Amino acid sequence: MNCKAFLINLADHGERRHRSVKLIENIGVDYEVIPAVDGRVKNDRVEELVKRSNSKEIIGRQIGTREIACALSHLKCYHSLITSPLNWALVLEDDIQLREMTPSEFNQTFTQILEHVHTTEPTVILLGHHLTYERTEDGKPRLFSRKSCVLRDRNMGPFSERPSGGYAYLINRTAAEQRILEMEKIDYPIDYWLPKNYRLTGLFPPLVDFDSNIESEIQQDRQPSLEVNTLNATVKKILLRSRSYLYQLTRSYD
């Protein structure tokens, strides 16, 4: 298997590291633990990247220090890949869990993915991603274009909408080189996919979920923005209802 797993883990998250390493060993993939850049402590490089970032123009808000640190941690995985003889890296964060499958079943599907994808074209394959906004009105998934294929019990293909999620994905050498170039000045989080220079595909249903019981470091950066977005959505809903009520009221007078 011409692939290696790179597990991103903070030094003081020993329990997460132990749990994730056990999972990786059970699925039978060679691995290396990548010490994560800690966004909780003062870091001159992180602070400088925050100042240089044009994130407001891309994601509509200022990128946070933890998000910058997370991106730097993923970039360490990319550098490890391109300085090795490997063609693929499995990048994993330490809050992952398999989605309703055994390690053996994961290994079978994972092996089939690598056997199916024979390309030097820059490629990223998301093994886990967020789906909540990618549904039709009747609840059917609309994740992929028609250029999808079936692997065992899952579809694999390009997304029809921009997905999110960077906790579990495959990336090949040429895509890693592209991402290193595009993330030289970090203008958006690592899981905000803008595949201009690489092909982005995924699996449905996903192979991997993130464990919602584990607190995410970068969510602390995003929480204020999430609260503002929720407030804006609530205000917008109130205004729309008020507008509808006023319209009905004027019609009744007519």
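Bear in mind that the values in this text are calculations on the coordinates, not laboratory data. What you see is a predicted model; the values in this text were computed from it and never measured. Because the Cβ atoms are built from the backbone with ideal geometry, glycine has one as well, and the counts that use them run over all protein chains shown.
Using R0 = 30 Å, the C-beta based FRET efficiency linking I82 and R52 works out to 0.80. Under 5 Å from the amide H of I34 lie the amide H atoms of L7, I8, N9, each residue being 5 or more positions distant or on a separate chain, with H modelled from the backbone and absent for Pro and chain starts. Distance between the modelled labels on E182 and N213, one decimal in nanometres: 3.6 nm (7 Å Cα→Cβ projection).
Each part gets one Cα centre, and for region 48-81 versus region 177-200 those centres are 10 Å apart. 3J(HN,Hα) along region 81-91, derived from phi through the Karplus expression 6.51 cos²θ - 1.76 cosθ + 1.60 where θ = phi - 60°, amounts to 5, 6, 9, 10, x, 6, 9, 10, 10, 9, 8 Hz, with x in place of Gly and Pro.
Only one residue of I24, P103, P158 has its Cα farthest out toward the positive end of the dipole of region 3-215, where Lys and Arg carry +1 and Asp and Glu -1 on Cβ, and that residue is P158. Pairs spanning more than 28 Å between alpha-carbon atoms, out of K56/K196; K42/K76; K4/K42; K22/K42; K22/K185: K4/K42; K22/K42; K22/K185.
Projection of the Cα convex hull of region 3-215, averaged over all directions and equal to a quarter of that hull's surface, yields 12.2 nm². In order along region 50-64, the phi-based Karplus estimate (6.51 cos²θ - 1.76 cosθ + 1.60, θ = phi - 60°) of 3J(HN,Hα) comes to 4, 5, 7, 5, 9, 4, 4, 6, 9, 10, x, 7, 6, 5, x Hz; Gly and Pro are listed as x.
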